[in-house]
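The values are calculated or read from the model by the stated rules, or taken from the named source; none is laboratory data. Keep in mind the model is a prediction, meaning the values are calculated, not measured. In this analysis, Cβ positions are derived from the backbone assuming ideal geometry, glycine residues included, and neighbour counts consider all displayed protein chains.
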Amino acid sequence: MVELEDLPNVGSKTAQKLREAGFGDMMRLATATAKELSVKADIGEGVAEKIIEAARKAERIDFETALDVMERRKDVGRITTGSKALDELIGGGIETQAITEVFGEYGSGKSQLAHELVVTVQLPEDKGGLNGEAVFIDTENTFRPERVEQIANAFELNIEEVMERIYIARAFNSSHQILMAEKVNELIQEGKDIRLVIVDSLTSHFRAEYVGRESLATRQQKLNQHLHTLQNIANTYNAAIFVTNQVQARPDAFFGSPTKAIGGHVLGHAATYRIWLKKGLAGKRIARLVDSPHLPEGECVFKITNDGIVD
């Protein structure tokens with residue numbers, strides 16, 4: 001295994017800087033940009049380019065055949081949502097190496113689904129989990145350990161063990177949110193088996209801080225950067241990224257849905273799966289798959305109970 005110190009232009013001090021900046025993993029280093037590495041690790045951009053080039057050679061990053069991609073896709077895991085109908089709708093559960101976005105109005109069940117997943121990711125693979133740990137980046141003070149306890153009890157899991165495998169980050173603004181996403185790399189390099197990263201909600205801070213058309217370009221640029229960080233984590237560590245999103249009213253919509261998801265094309269292009277949640281009758285929720293690279297549009301119904309999400 002190639003260590004950072006084995007790379008040209010990387011001495012012990014530079015290696016320490018790289019690790020402290022979250023670039024201790026060779027693949028993470030190989031997929032960084034020179035500017036990103038220069039700013040975060042406080043090294044010259046020219047040196048950063050040489051280090052990245054060396055890391056890419058060490059990881060043998062180059063063109064690959066479709067057969068190589070097919071082999072890598074065999075490592076993709078899926079996390080059960082607790083509902084067989086919802087799992088089937090999205091191809092078997094929340095997928096690793098991808099970003100899954102769930103959007104809907106207040107009370108549609110987005111945060112409930114997030115709480116379900118931080119428990120189910122810890123299940124054995126034969127029960128729909130990945131035997132992994134989870135990160136929950138909380139931007140709206142939605143995380144409730146009491147809810148996690150209810151769901152864990154339903155799965156007959158040890159409460160303390162479940163809680164110890166969930167890492168919470170309360171983000172107070174968009175810059176803090178971006179920073180906490182970047183720090184996921186550090187957790188993994190410390191030996192944490194992070195297989196799920198949740199951001200609830202993705203656009204709340206961006207929406208509040210960047211108001212008006214004059215700030216739209218800046219907002220979308222920062223959101224795009226944030227999404228690229230999350231996708232990098234998904235690809236590098238075979239993790240699932242699950243983000244919840246708000247909606248806004250469309251007063252000019254005479255046909256179709258009167259609401260649309262925040263984030264525009266930047267988020268639309270980044271998310272591999274987009275699920276629209278709606279309230280139904282008698283505690284039911286309607287989930288509609290509105291965008292996927294290979295699955296047809298469709299919808300299903302599930303319930304939210306004290307025990308979590310069920311059919």
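When both residues are 6+ apart or on different chains and their Cβ atoms are under 6 Å apart, which pairs have a first residue that lies in the range 285-311 and is within 12 Å of residue 273 (Cβ to Cβ), and a second that is of a type in the set (Val, Ile, Thr) and assigned to a strand (DSSP E or B)? Qualifying pairs under 6 Å: 287/275; 289/275. Residues in the range 93-104: is at least one small (Gly, Ala, Ser), surrounded by fewer than 18 Cβ atoms within 10 Å (Cβ to Cβ) and within 25 Å of residue 178 (Cβ to Cβ)? Looking for residues that are small (Gly, Ala, Ser), surrounded by fewer than 18 Cβ atoms within 10 Å (Cβ to Cβ) and within 25 Å of residue 178 (Cβ to Cβ), one finds none in the range 93-104, hence no. For the range 222-240, the criterion of a residue being assigned to a strand (DSSP E or B) and either modelled with pLDDT of 90 or more or under 28 Å from residue 157 (Cβ atoms) (or both) is satisfied by at least one position.
Within the option set 100, 80, 96, 31, being out of contact with any helix residue (DSSP H, G or I) (no Cβ under 8 Å at 6 or more places or on another chain) and among the polar types (S, T, N, Q) holds for one residue only, 100. Residue count for the range 33-88, restricted to those that are under 26 Å from residue 272 (Cα atoms), over 24 Å from the mean Cα position of the chain (by Cα), of a type in the set (A, V, I, L, M, F, W, C) and modelled with pLDDT under 90: 1. Of the set (1) surrounded by fewer than 21 Cβ atoms within 10 Å (Cβ to Cβ); (2) at pLDDT below 90; (3) in a helix (DSSP H, G or I), all apply to residue 29 but (1). Taking the criterion of being assigned to a helix (DSSP H, G or I) and of a type outside the set (Asp, Glu), the residues of the range 14-26 that qualify are 14, 15, 16, 17, 18, 19, 26. For the structure I just gave you, tell me whether residue 137 is in contact with a helix residue (DSSP H, G or I) (Cβ under 8 Å, 6 or more places away or on another chain), crowded, with 22+ Cβ neighbours inside 10 Å and either hydrophobic (A, V, I, L, M, F, W, C) or not in a helix (DSSP H, G or I) (or both). Criteria met by residue 137. For the range 51-92, a tally of residues being of a type in the set (A, V, I, L, M, F, W, C) and without any contact (Cβ under 8 Å) to a residue 24 or more places away in the chain returns 6.
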